[in-house]
Amino acid sequence: GAVVSQHPSRVICKSGTSVKIECRSLDFQATTMFWYRQFPKQSLMLMATSNEGSKATYEQGVEKDKFLINHASLTLSTLTVTSAHPEDSSFYICSAKDRATEAFFGQGTRLTVV
Amino acid sequence: KQEVTQIPAALSVPEGENLVLNCSFTDSAIYNLQWFRQDPGKGLTSLLLIQSSQREQTSGRLNASLDKSSGRSTLYIAASQPGDSATYLCAVLSGGGQFYFGTGTSLTVIP
């Protein structure tokens, strides 16, 4: 299957700082990328959907000014957690799809805000 | 909106037992269904993928079935081992490319 690379796999940051997570499709053009998060002992929930060159669509309850998503190219989407707080500590994972329906996951990023 | 439910939420079995994990979904218009394994603090490991036109997939000791019309899937694990202890997630892929995840089953295999 296609490869989606997510970086970093783990990050620890201080409260109030911003953290950027990258999601790259290595061998296909990702017209759409999805960002999910998983709080402890809960399942993964969709945060937002981004189409290349367009503004991301956020799910209800997700603050678009706090979780900035940029999908400027067909192979890269970034999620920036701005002014991170301990309650933002979570597991974030992206998935990417091309014009077909198949979608593939990145490895995920474990964010810890201290 | 698609809703995915997994039963049981937690399961503890002695080593060597065969076991079945259940997944149900409300909208049968899916592209595929995947079973994932997640170890504590780690990412997702894809175990089996069943296309919407398929009824089952097998990999080693794992067998997953799909009954799209009834909105059900099962993951069968044969001869369980302590290394199988993890959380198992099922996820359905919609036509729009979005995954809907189940709530997960936490499996503990006791040596």
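The values are calculated or read from the model by the stated rules, or taken from the named source; none is laboratory data. What you see is a predicted model; the values in this text were computed from it and never measured. No Cβ is skipped: glycine too gets one built from the backbone with ideal geometry, and neighbour counts run over all protein chains shown. The area values use the complete protein model at the heavy-atom level, side chains included, leaving out ligands, DNA and RNA. Shrake-Rupley method; radii C 1.70, N 1.55, O 1.52, S 1.80 Å.
Tabulated data for the structure shown
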quantity: Residue check for residue B:28: away from chain A (no Cβ under 14 Å), more than 29 Å from residue A:9 (Cα to Cα) and under 10 Å from the mean Cα position of the chain (by Cα); calculated: no
quantity: Residues located in segment A:47-77, provided they are open to solvent by less than 20 Å² (accessible area, probe 1.4 Å) and under 20 Å from residue B:44 (Cα atoms); calculated: A:47, A:48, A:77
quantity: Residue within segment B:90-98 that is assigned to a strand (DSSP E or B), within 14 Å of chain A (Cβ to nearest Cβ), open to solvent by 10 Å² or more (accessible area, probe 1.4 Å) and closer than 22 Å to residue A:96 by Cα present; calculated: yes
quantity: Members of segment A:6-21 that are surrounded by fewer than 16 Cβ atoms within 10 Å (Cβ to Cβ) and assigned to a strand (DSSP E or B); calculated: A:7, A:10, A:12, A:20
quantity: Meets criteria (aromatic (Phe, Trp, Tyr), touching a residue at least 12 places away in the same chain (Cβ under 8 Å), open to solvent by less than 70 Å² (accessible area, probe 1.4 Å) and part of a loop (DSSP other than H, G, I, E, B)) for residue A:28; calculated: yes
quantity: Conditions (1) facing chain A (nearest Cβ under 9 Å); (2) touching a residue at least 40 places away in the same chain (Cβ under 8 Å); (3) open to solvent by 50 Å² or more (accessible area, probe 1.4 Å): number failed by residue B:49; calculated: (2)
quantity: Residue check for residue B:46: part of a loop (DSSP other than H, G, I, E, B) and at pLDDT below 95; calculated: no
quantity: Of the criteria (1) within 14 Å of another protein chain (Cβ to nearest Cβ); (2) buried (at least 18 other Cβ atoms within 10 Å of the Cβ), which one residue B:7 fails; calculated: (2)
quantity: Matching residues in segment B:61-81 - criterion: being open to solvent by 50 Å² or more (accessible area, probe 1.4 Å) and touching a residue at least 60 places away in the same chain (Cβ under 8 Å); calculated: B:81
quantity: Unmet criterion (only one of (1) loosely packed, with under 14 Cβ neighbours inside 10 Å; (2) within 24 Å of residue A:106 (Cα to Cα); (3) within 11 Å of another protein chain (Cβ to nearest Cβ)) for residue B:58; calculated: (3)
